[in-house]
Amino acid sequence: MLKCFMHPAVTASVSLLMMTGAYAATTWKPEKPVELIATNAPGGGSDRILRIMSNVLQERKHLTVPANVVNKPGAGGSVAYAYLNQHPGDGHFLVLGSKAILTNNITGRGPSFNEFSILAHLFSEYISVTVRPDSPIRTGKDLIERARKDPGSVSFGVATSLGGSNHQAAATALKAAGIDIRKMRVVIFPSGGAATTAMLGGHVDAVPITAAFAASMAKQGQVRVVAVAAPTRMPGVLADVPTWREQGFDAVVTNWRIMLGPKGMSEAQIGYWEEALRRLNDSDEWKKELEANAWMSEFMRSAETRKFLERENAEVRAFLVDLGLAK
């Protein structure tokens, strides 16, 4: 039998080439500017968060290319998701998703989370309920009693879709009070900022928004916060605002933020963003933002985030059935 022998140096060179080829096939990094897509207009929650993320990612060199925030408001985020999937397999396009992606899909108004590449879960935030500073509604109890007499007498400005976290922050409390939440008057806005502007103009009575946004508005005297859908009181500006539970209504509601990429991203692309977002999560700058905005750090990688979304989807569907928005 003919045997072929190879010099050890040649063998080592071949092995190195094979390893290098395998490594090159499994690594990826952005080669052009990245688009961070906000599901609402400038000034909205998604927009604010992405601008903070962009600054930290670039200042800490977690991202070596520019990261531009692109606003695609409309249809409760569906416009942004449609835009994202116009770039299949391209890891240079990411969207900051929220619970609205579940509510829109369940009610037949948007795509499923399964139609995207799931990258990571970042954090959660509690929702508060605000009114104008001169509103006769001074507490959450006032709001509930007014709605108890006539559910249609209180109008809620909600961003960005029916059944989402903002809607839930009010509806869950009303339901706990025995009020028919199907009779709520709800007006949909493209962002929390737009909803708040409408409230200040007297077009709606109350607006549920994130605790951080509410705190910033309350600090400037622009709104009165009547309740927070958190298990305990929030710190800082909101320390004097009682929770729904303190006011007799068992309502705890959070919105979460996840990063999604377009369908068809490779494992290498997903792995890159998992790691970049993990480094963001671990940075001192991001931790300061978490604390300042009352965001709860709950970082999860891609696989764990998918399991989380599957559980959340079942819970959201049950809530939407109560609202009469799903079967």
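The values are calculated or read from the model by the stated rules, or taken from the named source; none is laboratory data. On a predicted model such as this, the values are computed, not experimentally measured, just so you know. Counting neighbours? That spans all protein chains shown, and the Cβs are built from the backbone with ideal geometry, glycine included.
Assorted remarks:
- Flag if residue 182 is outside the structural domain of residue 286 (by TED's automatic domain parsing), free of Cβ contacts under 8 Å to residues at least 24 places away in the same chain and in contact with a helix residue (DSSP H, G or I) (Cβ under 8 Å, 6 or more places away or on another chain): no
Each row is one residue, and each column tells you yes or no for (1) among the small types (Gly, Ala, Ser); (2) touching a Leu at 6+ places or on another chain (Cβ under 9 Å); (3) closer than 15 Å to residue 135 by Cβ.
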| residue | (1), (2), (3) |
| --- | --- |
| 192 | yes, no, no |
| 198 | yes, no, yes |
| 202 | yes, no, yes |
| 210 | no, no, no |
| 213 | no, no, no |
| 216 | yes, no, no |
| 219 | no, no, no |
| 222 | no, yes, yes |
| 227 | yes, yes, yes |
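- Taking each residue of the stretch 42-57 that is within 19 Å of residue 74 (Cβ to Cβ) and outside the structural domain of residue 166 (by TED's automatic domain parsing) and looking for partners that are assigned to a helix (DSSP H, G or I) and of a type outside the set (Lys, Arg) with beta-carbon atoms closer than 6 Å, six or more apart or interchain, yields 43/193; 44/192; 44/193; 45/192.
- Qualifying position, being out of contact with any Lys or Arg (no Cβ under 8 Å at 6 or more places or on another chain), surrounded by fewer than 16 Cβ atoms within 10 Å (Cβ to Cβ), touching a residue at least 40 places away in the same chain (Cβ under 8 Å) and closer than 30 Å to residue 288 by Cβ, among 235, 190, 208: 235
- Hits in the stretch 65-86 - residues which are crowded, with 17+ Cβ neighbours inside 10 Å, of a type outside the set (A, V, I, L, M, F, W, C) and either more than 18 Å from residue 102 (Cα to Cα) or under 16 Å from the mean Cα position of the chain (by Cα) (or both): 71, 72, 73, 76, 77, 78, 81
Residues are listed down the side, and each one gets a yes or a no for (1) more than 23 Å from residue 100 (Cβ to Cβ); (2) within 17 Å of the chain's Cα centre (by Cα); (3) in the same structural domain as residue 97 (by TED's automatic domain parsing); (4) surrounded by 16 or more Cβ atoms within 10 Å (Cβ to Cβ):
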| site | (1), (2), (3), (4) |
| --- | --- |
| 247 | yes, no, no, yes |
| 261 | no, yes, yes, yes |
| 266 | yes, no, yes, no |
| 270 | no, no, yes, yes |
| 276 | yes, no, yes, yes |
| 281 | no, yes, yes, yes |
| 284 | yes, no, yes, no |
| 296 | no, yes, yes, no |
| 300 | no, yes, yes, yes |
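- Pairs, first over 30 Å from residue 126 (Cβ atoms) in the stretch 84-113, second of a type in the set (Ser, Thr, Tyr) and assigned to a helix (DSSP H, G or I), C-beta under 9 Å, six or more apart: 91/272
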